[in-house]
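The values are calculated or read from the model by the stated rules, or taken from the named source; none is laboratory data. Since the model is a prediction, treat every value here as computed from it, not as a measurement. Reconstructed Cβ throughout: ideal geometry from the backbone, glycine too, with neighbour counts over all protein chains shown. The protein model used for the area step is the full one, side chains on, heavy atoms only, and it has no ligands, DNA or RNA in it. Shrake-Rupley method; radii C 1.70, N 1.55, O 1.52, S 1.80 Å.
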Amino acid sequence: MKDRYAVAGHPVEHSRSPFIHARFAESTGQPVAYGRLPCPPGAFAATVRGFAASVEAGFGPARGCNVTVPFKFEAPALAGRLTPRAALAGAANTLRFDTDGWQADNTDGAGLVRDITVHAGVALQGARLLVVGAGGAAAGVLGPLLEAGPQALVLANRSVDKARTLVQRHTALAVRQGVELRAAPLERTGTAFDIVVNATAASLSGAPVPVAGQVLRPGALALDMMYGAAARPFLTWAGEHGAHGRDGLGMLVEQAAESFAFWRGVRPPTTEVLAELQRAVAQESA
Ligand code: ATR
């Protein structure tokens, strides 16, 4: 019988996670069924606990879930134990319902690092890195980016205080890793970065890319954590300034693979799934 998993969030109707995990289950032969768990605002904890306790005819128990917007900051409170990277982020995207207590993890940063280094083939070690945004998306990735050993990481945000708070949380790690880490307002980031990651929600409100084109060195990697129409303004901007634009689909697939491994102890192959998703999203937005 298949163990049950789901993606918990609001909304989750358009989530690609069920497709991705169905492919992972096929390729690894793991008995996994993965669905959607819509959580009404204010009812995240109750909905997830209900899922964990639920019984479904013909299926095994619920073993875990992914957590997406807007509940990633609420997820750690449901777990008795946090992985170090979830504790550092203060946010979790993965819960595992272990019988001796729940465990929370955050696989977003590892997913981003793998997408940049493996799929995009760009080295993080020694690179100058700009992360724009200081919300939940940025919080989840800062630790793993620092651990990948860039030379410098600038965290820029419209509300610079939020960037400062996030930088403070990560200062000890940056010092250990020998990474120059600082917070900056959007108009004083510095220029000519090797890698620029957009972790803002600016495009969702139709706002322009919130940093100047000079942040990109020629040939830089410019990665938006979003995909489809939401990523288009950033990718167009990247192309106009001589950078290689990349959307968030690779990160999405890789964070899912990391969650799957956390649950099942088996790492699924990702290249084919990513190619399928890229084709599907390109067709939908054509
Ligand atoms: P998420 O969990 O997806 O990161 P969030 O916590 O609401 O969502 O954060 C959204 C991020 O996008 C924030 O960094 C936000 O900047 P502020 O902290 O100053 O609000 C950023 N953002 C949203 N709209 C923006 C805009 N028009 N220009 C610049 N930054 C914007």
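Segment 245-266 and segment 49-127 have Cα centres spaced 10 Å apart.
A full extension of the chain between R81 and A282 corresponds to an added length of 68.4 nm, given 0.36 nm per residue minus the alpha carbon distance. For segment 186-264, would you read off the P(r) tail past 15 Å as a percentage of all alpha carbon pairs? Across segment 186-264, Cα pairs with separations above 15 Å total 56 percent.
Compactness ratio for segment 3-106: Cα radius of gyration over 2.2 N^0.38 Å (N = residue count) comes to 1.02. Computed from backbone phi with θ = phi - 60° and the Karplus coefficients 6.51, -1.76 and 1.60, the 3J(HN,Hα) list for segment 63-70 is 10, x, 8, 8, 10, 10, 3, x Hz; x is used for glycine and proline.
Computed per residue of the chain from DSSP H runs no shorter than four, each worth -39500 (n - 2.57), the mean residue ellipticity at 222 nm is -11000 deg cm²/dmol.
Pair-distance distribution P(r) for segment 109-249, from all Cα-Cα distances in 5 Å bins starting at 0: 2, 11, 23, 26, 23, 12, 3, 0 percent. Scaled against 2.2 N^0.38 Å for its residue count N, the alpha carbon radius of gyration of the chain is 0.98. In this structure segment 109-249 gives 42 Å² per residue of accessible area when probed at 1.4 Å with all protein chains present. Accessible surface of segment 3-106, 1.4 Å probe: 59 percent of it comes from carbon and sulfur atoms. Ligands, DNA and RNA left out, the 1.4 Å accessible surface of segment 187-286 is 55% carbon and sulfur atoms.
Working from Cα pairs under 8 Å separated by at least six residues, relative contact order for segment 3-106 is 27 percent. One decimal place: the segment A230-T28 gains 69.5 nm when fully extended, by the rule 0.36 nm per residue minus the C-alpha distance. Could you tell me which of rounded, prolate or oblate describes segment 6-54, using a ≥ b ≥ c as the square roots of the eigenvalues of the alpha-carbon gyration tensor, with rounded for a/c under 1.5 and, failing that, prolate when a/b is larger than b/c and oblate otherwise? Since a/c reaches 1.5 but b/c is at least a/b, the shape of segment 6-54 is classed as oblate. With the simple spin-label model, which puts each label point 7 Å out from Cα in the Cβ direction, the E272 to E180 separation comes to 4.5 nm.
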